[in-house]
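Structure, as structure tokens:
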Amino acid sequence: MNYFETVPQTKLTVYDILGKEVKTLLNEINTPGTYEVEFDANNLASGVYFYQLRSGNYISTKKMLLMR
């Protein structure tokens, strides 16, 4: 049986290539499950960005390429 004693805060953040936070897409308490988040990147230039998902002790950072 897997469970959390408390439901963790979940945060999904986008950073530019210099590590500056450019957008927070999600910052709330979520129960475990599968979620979709829309990302409006209209105000961002083409280039490499990173997105980071933090939930409890879990941290995952991935790279993405935004092309116009």
Legend entry - Selection from segment 30-68 of residues that are modelled with pLDDT of 95 or more and among the basic types (K, R): R54, K62, K63
Inset, instruction - Restricting attention to segment 1-21, report how many residues are surrounded by 14 or more Cβ atoms within 10 Å (Cβ to Cβ) and in a strand (DSSP E or B). - result: 7
Legend entry - Meets criteria (at positive phi and more than 14 Å from the chain's Cα centre (by Cα)) for G47: yes
Legend entry - Residue that is without any contact (Cβ under 8 Å) to a residue 24 or more places away in the chain and out of contact with any strand residue (DSSP E or B) (no Cβ under 9 Å at 6 or more places or on another chain), where the choices are E36, E28: E36
Inset, instruction - Among the residues of segment 30-67, write down those that are of a type in the set (D, E, K, R), loosely packed, with under 14 Cβ neighbours inside 10 Å and not in a loop (DSSP other than H, G, I, E, B). - result: K62, K63
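The values are calculated or read from the model by the stated rules, or taken from the named source; none is laboratory data. Remember, predicted model here, so these are calculated numbers, not experimental data. Don't worry about glycine lacking a Cβ; one is built from the backbone with ideal geometry, like all the others, and counts go over all protein chains shown.
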